[in-house]
1. Roughly how many nanometres apart are two label points built 7 Å out from the Cα toward the Cβ at F108 and R182?
2. If I take R0 = 25 Å and measure r between the Cβ atoms of L175 and V197 in this structure, what FRET efficiency does the formula 1/(1 + (r/R0)^6) give, to the nearest 0.05?
3. Sorted by average packing, counted as other Cβ atoms within 10 angstrom per residue and highest first, what order do 33-40, 158-165 take?
4. Which FRET efficiency value, to the nearest 0.05, do you get for L93 and Q190 by plugging their Cβ-Cβ distance into 1/(1 + (r/R0)^6) with R0 = 41 Å?
5. Going highest first, how would you order 91-98, 189-196 by mean Cβ packing within 10 Å?
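Read-outs throughout are calculated quantities, based only on the coordinates presented, and are distinct from any laboratory measurement. Bear in mind the structure is a predicted one, so any value in this text is a computation, not a measurement. So basically every Cβ, Gly included, is an ideal-geometry build from the backbone, and we count neighbours across all protein chains shown.
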Amino acid sequence: MLFSRRDPAGWQERLRVFLWPRRSWVRSGKYVAKRIFRLTASPHAVAAGVSAGVFASFTPYFGFHFMIAFAVAYLIGGNFIAAAMGTFFGNPLTFPFIAAGTWSTGRFILSGAHIGSFGNGGHSRLGEITEKGLFTNGFSGFIERVAHLWEPIILPWSVGAIPLGVTFGIIFYVLTRWAAIRFREARLRQLEMRAAVNGQAKDGAEPEPSRTAIAMDEPSPVSQQKPPAGKLNDTAA
């Protein structure tokens, strides 16, 4: 494959790049922002797509964030590409804060309901799943382990993801819409200035000839030299 790596990256290298990209998180974020602003969709569609991706990042259903973002973007008229890029909000740097904030918010909302405590049973169940894996004993084992985590972890996280996801989604919608409009206005002014410069060049005086053309039109210094008198007499004879 053209421009492929000579030595394929191992899982350690892939994990390192996932946790800390080669471009750093700041440069990667700027790259994603420019890609979002250059989308041809309307500012509302771009902003709605980003807000859908941000909302999906707050949910605990890892592996389904794209599907959740696409579904929300479809409901609010967002752009699917912007929704996929909006899930960049959920990354290894923000996931610890997202998990802590959503779980605590869900616990607070469900404080009147009887739910299991993560401190009492959640750690042991999570450690058991980490040791044995989710898919031990097939699909039935997967359902059983998810059911054990549902009450102490997944349920509060899911409930807390709704208010926090909606709040941050609205914030990112406003910021993205404003930034997209400003980006397009600046780009339009740049194109208008470029068109004005090109128009003045066409309507004004003829462009100056290049140095190569001047050199071709001017006689060479050798041709301007007068031949000696002896050669003139020989030519006349």
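1. 3.1
2. Values: r = 33 Å, r/R0 = 1.33.
Calculated transfer efficiency: 0.15.
3. Values: 33-40: 14.8, 158-165: 19.5.
Descending packing order for the listed peptides: 158-165, 33-40.
4. Working: r = 33 Å, r/R0 = 0.82.
It comes out at approximately 0.75.
5. On the way: 91-98: 13.1, 189-196: 10.0.
Ranking the peptides 91-98, 189-196 by packing returns 91-98, 189-196.
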